[in-house]
Every structure is written in C-alpha cells, then in structure tokens.
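Quick note: the coordinates plus some simple rules give every number you see, no bench work behind them. What you see is a predicted model; the values in this text were computed from it and never measured. Cβ: placed from backbone, ideal geometry, glycine included. Neighbour counts: every protein chain shown.
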Amino acid sequence: MPSDLLIVHEKPAAQYLIAGWRRQWSDGGDISSGLSRYLIARLSAKKIAEMSPTLSNMCYPFQVAGTHDAFRPRAAFQDGLPSRPMAWENGFYDGGNGLIIFRGEEPWFRMDLYGQAFFEALSELGIQQTVTVEGYNGPAPPELERRISCVYSKAGMKENLDRFGLQYSSYGSRGRQGPTIGMALVSMAHFEHPEVEMFRLGGMAPMFPFSTSDSQQVGIATDHRAFYDIMRRLKPMFNLSIDLSELQTMGEKESNRLRETLEKIGDSNAAAKSLIDRARSDFSYTPFVEPVELDPELDRTLQDILENMPETPEGPERD
C-alpha cells in the first residue's frame with residue numbers, strides 16, 4: 001500500500017515511465033519540462049497519481065528572498081474565490097499503451113523523501129523501466145543531430161542501450177560535481193533500489209555566447225529537435241506508437257532559423273565566425289540509426305534461404 005508520501009487514484013497497465021521536471025537546473029532547451037508537457041498534451045494523458053501534500057510541505061520553501069514568486073506553490077482564484085488548492089506539481093499521467101509520464105518540480109530539501117515517493121510510485125504502478133529526460137546548453141551546430149548523453153543504474157542495461165546512439169557520461173569522475181535530479185535518482189536506483197532499471201538521457205540544446213539586439217542569447221529556447229532525437233530513441237526502446245512527425249517539423253524549422261542567424265552573425269563578425277566554425281568542427285555525437293524490425297515469418301524465410309544455399313564450387317588453384 002502507498003505511504004503518506006504518495007496518492008494513487010488509478011493503476012492502469014503500465015510498463016515504462018518518462019520523467020521530466022519544470023523549474024529545475026538541468027532544463028536546457030526546455031527539454032525536461034517541455035518534453036513532459038508536450039507528451040501529456042499530445043497523448044491527452046490523465047493524472048493517475050501524485051506525490052502528497054505531506055511531501056510537498058517538506059521538500060519546498062515557500063519563498064527565497066529576492067525571488068518574488070519563483071518558488072511559491074501554484075495558486076488560482078476565480079472571481080475572488082480560490083479555485084484550486086496550493087500545490088507543487090509532482091504528478092503521474094497515463095499516456096496509454098503502458099506509458100506513464102511524470103512531470104515534477106525539483107525538490108529543494110529532503111531528496112531522500114522525494115526519492116522514496118518516486119520509487120514507491122514505480123513499484124505501485126508496476127513500472128519496468130524508467131527514463132529521466134534533461135537538457136543542457138552548448139554550442140551545438142543546429143543542423144546536426146543532437147548529442148544525447150546517458151547514465152544508467154544497472155550494468156546489464158548497457159548492451160541494450162548501446163543500440164540507441166548514446167554517449168556515456170563520466171560526469172563527476174574527475175572532481176566534485178553535484179548531480180542533476182535525474183542523475184541523483186539514477187544513482188539512488190543503483191545503490192538503494194537494485195530492482196529498478198532507470199537511465200537518464202541528456203540532450204545538448206544549441207546556445208551560443210552571442211546576444212541579439214534585444215539582449216537575448218542566440219540559441220533555441222525550446223529545442224524540439226532535441227525532443228525529437230530523444231523520442232525517436234525511446235519510441236523503439238519502449239515500443240511506443242506516437243507519431244513524431246510534428247516534433248521533426250518543428251525541430252527543423254527552429255534549427256534552420258538558428259542556422260540562418262548564425263550565418264548572418266558570422267558574415268559580419270570574424271571572431272564570431274571563428275567560434276561558430278570551431279563549434280561545428282569540434283562537435284561530436286553518436287548517430288542513431290533506427291532499427292528495422294523484420295516480420296518474424298520473413299526473417300525465418302531469409303534464414304532458411306541462407307542455410308540451404310548450395311555451396312559455391314571452388315575455383316582453380318593459382319600459383
């Protein structure tokens with residue numbers, strides 16, 4: 001039974017979970033908050049569970065001096081009357097066909113309790129594999145596939161992950177580096193929940209050290225190409241039926257706009273052009289080739305043909 005940290009409304013058939021967080025550190029390109037938001041809307045996903053107010057009251061401050069309302073819980077009124085209770089968003093949504101989507105807010109305190117509630121939800125809902133999605137910014141050439149980094153909780157997962165065009169991170173191995181929320185949960189899964197299979201995908205969203213005339217940094221604020229490059233890996237991995245053509249189209253438009261902007265900047269600024277060219281030449285990523293699944297009957301037929309081919313006669317010996 002769930003503890004007082006988790007409220008479960010329904011328990012649909014579930015296999016996989018995609019988790020993202022809003023108002024968190026590792027949200028470059030809006031990848032963590034934006035992809036979870038997109039999937040919930042795209043799949044008309046229904047909330048089926050949530051972390052309880054007990055946990056929310058222990059993991060978040062009401063405010064931090066000088067930040068106005070950035071860390072306060074959400075509140076809403078209609079014609080002067082409160083229309084919903086104050087709450088931080090940490091909900092689990094049913095996307096259908098075995099997919100659950102988690103959309104949360106990074107905790108400020110008691111990561112142990114937050115993790116307890118998260119892993120309790122995985123157990124209650126029967127989740128078999130979980131991915132946390134996050135983003136970071138860097139001078140990535142917009143016309144190229146996004147670099148997708150990975151950390152994972154169990155050694156036995158790597159053989160399957162190798163098929164999906166990932167770069168494995170050695171974050172923190174050469175000096176102290178604090179984990180993202182996704183990395184923290186993967187680490188907790190490895191050391192405290194060995195039954196859980198969890199991995200974190202981090203996408204590199206294009207952002208360059210230039211500013212536009214209105215003081216906006218040159219990059220892609222919401223990087224749908226990164227959404228697409230993450231989802232086209234998760235689609236065969238989790239056997240999802242979601243159509244990704246919309247993400248592909250939006251990503252191409254955004255990337256083309258940024259490419260044109262960078263070309264204009266480079267045409268008028270030699271130093272900027274040098275930096276842009278160096279970013280392109282130094283950029284590395286592991287391309288993902290989508291697997292082709294053969295019909296089992298066709299696969300057997302091809303195997304029979306190969307096994308029953310006549311032996312090729314040997315040619316004449318040569319000196």
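Show me the chymotrypsin sites (Phe, Trp or Tyr not before Pro) within segment 6-73 that DSSP assigns to loop and that have at most 15 other Cβ atoms within 10 Å of their Cβ.
TRP25, PHE62, PHE71
Near THR180, no amide H atom lies under 5 Å from its own; only residues 5 or more places off or on other chains count, and H is placed 1.01 Å from N.
By the beta-carbon count within 10 Å of each Cβ, the least crowded to most crowded order of HIS68, HIS193, HIS9, fewest first, is HIS68, HIS9, HIS193. Where does the longest stretch of the chain lie that holds no GluC sites (Glu not before Pro) found in a DSSP loop with 13 or fewer other Cβ atoms within 10 Å? Between the exposed loop sites, the longest stretch runs 11-194.
Looking only at the chain, where both bridge partners belong to it, what percent of the DSSP beta bridges are antiparallel (to the nearest 5)? Roughly 50 percent of the beta bridges in the chain run antiparallel, per DSSP.
Most exposed first by the Cβ proxy, i.e. fewest other Cβ within 10 Å, how do ARG72, ARG225 rank?
ARG72, ARG225
Take every pair of alpha-carbon atoms less than 8 Å apart whose residues are at least six positions apart; their mean separation over the length of the chain yields a relative contact order of 20 percent. The angle between the Cα long axis of helix 111-125 and the main principal axis of the chain comes to about 60°, on a 0 to 90 degree scale. The label point for VAL292 and the one for ARG174, both projected 7 Å from the Cα toward the Cβ, are 4.0 nm apart.
In degrees from 0 to 90, rounded to the nearest 10, what is the angle of the helix 181-192 Cα long axis to the longest principal axis of the chain? That works out to roughly 80 degrees. Relative to the longest principal axis of the Cα atoms of the chain, helix 224-237 runs at roughly 60 degrees.
For segment 29-86, the relative contact order works out to 15 percent when only alpha carbon pairs closer than 8 Å and six or more residues apart are counted. Between the alpha-carbon centers of segment 174-199 and segment 123-140, tell me the distance in whole angstrom. So the two Cα centres are separated by 11 Å. Residues in segment 218-250 near a label at GLN167, defined as backbone nitrogen under 16 Å from the 7 Å Cα→Cβ point? Answer for this model: 226, 229-230.
Scaled to the globular estimate 2.2 N^0.38 Å, the Cα spread of the chain, given as radius of gyration, is 1.19.
Exceedance of the 24 Å cut-off in Cα-Cα distance is limited, within the set LYS253/LYS273; LYS46/LYS235; LYS11/LYS154; LYS46/LYS253; LYS47/LYS158, to LYS11/LYS154; LYS46/LYS253; LYS47/LYS158. As a calculated quantity, the FRET efficiency between GLN216 and GLU192 at R0 = 45 Å, using C-beta atoms, amounts to about 0.60. Between LYS46, LYS154, LYS253, the Gaussian network model of the chain with springs among Cα atoms under 10 angstrom shows the greatest mean-square fluctuation at LYS253. Counting neighbouring beta carbons within 10 Å and listing from fewest to most, the residues VAL151, VAL8 come out as VAL8, VAL151. Compute the separation of the alpha-carbon centres of segment 142-169 and segment 264-295 and state it in Å as a whole number. First find each Cα centre; the distance between them is then 18 Å.
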